[in-house]
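Q: My questions all concern the structure below.
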Amino acid sequence: MERRAEKKSDVFTRESRRHSRFKKAVTFPVMTWIKRNADFDYEGLAPDEDPGPAIIASNHASVYDFLFVSAAFWKRTLGYVASEHTLRVKPWGALLDRYVSIIPHKKGAGSSRTAVKIMERLSYGESVYLAVEGEQTWDGSPLEIKPGTGKLAKKSGAALITYRIEGSYLLRPRWAKNLRRGRVHGKVVNVYTPEMLADMSAEEVDDAIVRDLYFDIWKWQGEQNKANRYVPVKGGLAEGLEKALCSCPACRKLGNLSTAGDEIRCSCGFTARFTETGLFEPPNKVPAFAEWERLDEEAILAETERCKTEGGELFSDEGAAIYGIYKDHSDKELASGRLSIKYADDAFRLATGTKEFRMEELSNMSMVQANRLLFSNGKDYYEIRSDSANLRKYLIAYRILNQG
């Protein structure tokens, strides 16, 4: 047993050196990219404040958040908790697996392996970046942190650093096709030593994380003397917004929204403009983002009730494919074609091409970016992909049906 542990330690040391060399090699181009595309500044650790190996907990508003954390902690060897799909992206997945310390987390599947890997990295002297909300916000408002975060921090035996990222949502919203240029600020809020964590309950650690990392970009914009502007590198500001929102606030119908340039439109004639400050115009005719999402949920709930009475489809989209996902991070296309949720034989069913599931048998459904829907069916793990469909409405329907 002792010799085996030594071998594992040797392997980790070799991997850690490779990761460290790679990070040093890419630090300059990463910083160059950040300076070109973001007005980024940060407040890091004081020179006498380094607590050693730590979980670096941050909020998660942008796909680029890991770059802002890396820039602020560039002297540290970091492990990155990331969605398992990252390792399946070709050809980058294999390169990331070798040269970056990725700790894969399966969205749409329950697993304790992520926590085990985090503890392992910390025990060997690495710090670990953890986006505690688990996914990017859709509307810029903060999300709840993942259950068990405080328990993990206490059990790790390492320090906890809370690092708040401000403004990154509007740099590239989750749904957006295009990158913008604008202000981003990072800040170390608190450092909790292992001794401090030992004196706190898991619930108190969770509360501290929520308090430290709370950030609402709409409140932040309103507090500025002049709201920050985020200018697209190319294309329009609204492009991709139909992946986040699915009902029209004017006619209340589902599935008739489209975008072009800075505008989102419905076939009924409704039109709104998404601006460089992230607000809609005209403001008196368009709900705030969070209110629009509530209208979406109400519209989908009404449709589920209609389906229970009349039968038929809840909604559908063309151009989707479903993949089986396996333990070695490989995937295989199982079916493709029309994606739908329908009510038949007293049950809602999710279908992609010839592959069909009863909604009540699915678990842990979640999304990656705006075009991948993940879920488990027993021990099997699946991913639905579509570059054209609004997959978020399927996730909202799953949550509504799961609650019912």
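The values are calculated or read from the model by the stated rules, or taken from the named source; none is laboratory data. No experiment lies behind these values; they were computed from the predicted model shown. Virtual Cβ from ideal backbone geometry, glycine too; neighbours counted across all protein chains shown. In case anyone asks, the SASA skips ligands and DNA or RNA and just uses the protein heavy atoms, side chains included. Shrake-Rupley method; radii C 1.70, N 1.55, O 1.52, S 1.80 Å.
Q: Can you classify segment 220-355 as rounded, prolate or oblate using the Cα gyration tensor, where a ≥ b ≥ c are the square roots of its eigenvalues, rounded means a/c under 1.5, and otherwise it's prolate if a/b beats b/c and oblate if not? Write out the running numbers ahead of the final one.
A: Values: a/c = 2.46, a/b = 1.52, b/c = 1.62.
Cα axes put segment 220-355 in the oblate bin.
Q: Taking Cα pairs under 8 Å and at least six residues apart, what relative contact order does the chain come out at, in percent?
A: 14 percent.
Q: What accessible area per residue, rounded to a whole number of Å², is obtained for segment 278-404 using a probe radius of 1.4 Å?
A: 49 Å²
Q: Next question. Which value in deg cm²/dmol, rounded to the nearest 500, describes the helix-derived mean residue ellipticity at 222 nm for the chain, given -39,500 (n - 2.57) per DSSP H run of n ≥ 4 and division by the residue count? Could you put the intermediate results ahead of the total?
A: Details: 11 runs with 133 residues, N = 404.
Here the helix-only value at 222 nm equals -10000 deg cm²/dmol.
Q: Say we join alpha carbon atoms closer than 10 Å with springs in a Gaussian network model of the chain; which of Pro29, Pro249, Pro173 then has the biggest fluctuation?
A: Pro29
Q: To continue, here is another question. Restricting to the chain, what percent of DSSP beta bridges are antiparallel, rounded to 5? Walk me through the numbers on the way to the answer.
A: Details: 55 of 78 bridges.
Bridges in the chain are about 70 percent antiparallel.
Q: Would you pull out the residues with amide H under 5 Å of Met365's amide H, same chain only if 5 or more places away, H placed 1.01 Å from N?
A: Amide H to amide H, under 5 Å and 5 or more residues apart or across chains, Met365 pairs with Ser376.
Q: Separate question: Where the centre of each part is set by its Cα atoms, how far does segment 133-210 sit from segment 383-404, in angstrom?
A: Between the Cα centre of segment 133-210 and that of segment 383-404, the gap is 26 Å.
Q: Still on this structure: Given a Förster distance of 30 Å, report the FRET efficiency between Asn190 and Glu144 from their Cβ-Cβ distance, rounded to the nearest 0.05.
A: Once rounded, the FRET efficiency stands at 0.95.
Q: For q values of 0.13 Å⁻¹, compute log₁₀ I(q)/I(0) with the Debye formula on a Cα-only model of the chain, without solvent.
A: Result of the Debye calculation: -1.22.
Q: Still on this structure: Lone cysteines in the chain, going by a 4.7 Å Cβ-Cβ cut-off?
A: Taking the Cβ cut-off of 4.7 Å, the unpaired cysteines of the chain are Cys246, Cys307.
Q: Estimate the FRET efficiency between Lys355 and Ser112 by the formula 1/(1 + (r/R0)^6), using the beta-carbon distance for r and 35 Å for R0, to the nearest 0.05.
A: 0.75
Q: Determine the sum of side-chain charges near His60: Lys and Arg each +1, Asp and Glu each -1, restricted to other residues whose C-beta is under 10 angstrom from that of His60. Working shown, then result.
A: Values: positive: Arg174; negative: Asp65, Glu133, Glu135.
With Lys, Arg at +1 and Asp, Glu at -1, the neighbours total -2.
Q: Further question: Checking the a/c ratio against 1.5 first, then a/b against b/c, what shape does the Cα gyration tensor give for segment 140-268?
A: Verdict is prolate for segment 140-268.
Q: Also, I was wondering about something else. Which percent of the accessible area of the chain is formed by carbon and sulfur heavy atoms (probe 1.4 angstrom)? Walk me through the numbers on the way to the answer.
A: Values: 9710 of 19890 Å².
Heavy-atom surface of the chain belonging to carbon and sulfur, 1.4 Å probe: 49 percent.
Q: At q = 0.17, 0.21, 0.26, 0.29 Å⁻¹, what log₁₀ I(q)/I(0) does a Debye calculation on the Cα points of segment 296-354 give, no solvent, two decimals?
A: Relative scattering, expressed as log10 I(q)/I(0), comes to -0.66, -0.82, -0.99, -1.08.
Q: Still on this structure, please answer the following. First check a/c for segment 254-300, with a ≥ b ≥ c the square roots of the eigenvalues of its C-alpha gyration tensor; if it is under 1.5, answer rounded, and if not, answer prolate when a/b is larger than b/c or oblate otherwise. List each step's numbers first, then the result.
A: Working: a/c = 1.91, a/b = 1.20, b/c = 1.59.
Taking the square roots of the gyration eigenvalues as a ≥ b ≥ c, segment 254-300 is oblate.
Q: List the pairs from Lys177/Lys308; Lys24/Lys226; Lys151/Lys332; Lys106/Lys234; Lys146/Lys243; Lys146/Lys342 whose alpha-carbon separation is above 26 Å, in the order I gave them.
A: Lys177/Lys308; Lys24/Lys226; Lys151/Lys332; Lys106/Lys234; Lys146/Lys342
Q: Students often check this: by mean Cβ neighbours within 10 Å, which of 365-375, 236-246 ranks highest, and how do the rest follow? Walk me through the numbers before you get to the answer.
A: Numbers: 365-375: 20.7, 236-246: 23.0.
By packing density, highest mean first, the sequence is 236-246, 365-375.
Q: If you don't mind, there's one more thing I want to ask. What does the charge count near Leu254 come to, summing +1 for each Lys or Arg and -1 for each Asp or Glu among other residues with Cβ under 9 Å from its Cβ?
A: Value of the local net charge: +1.
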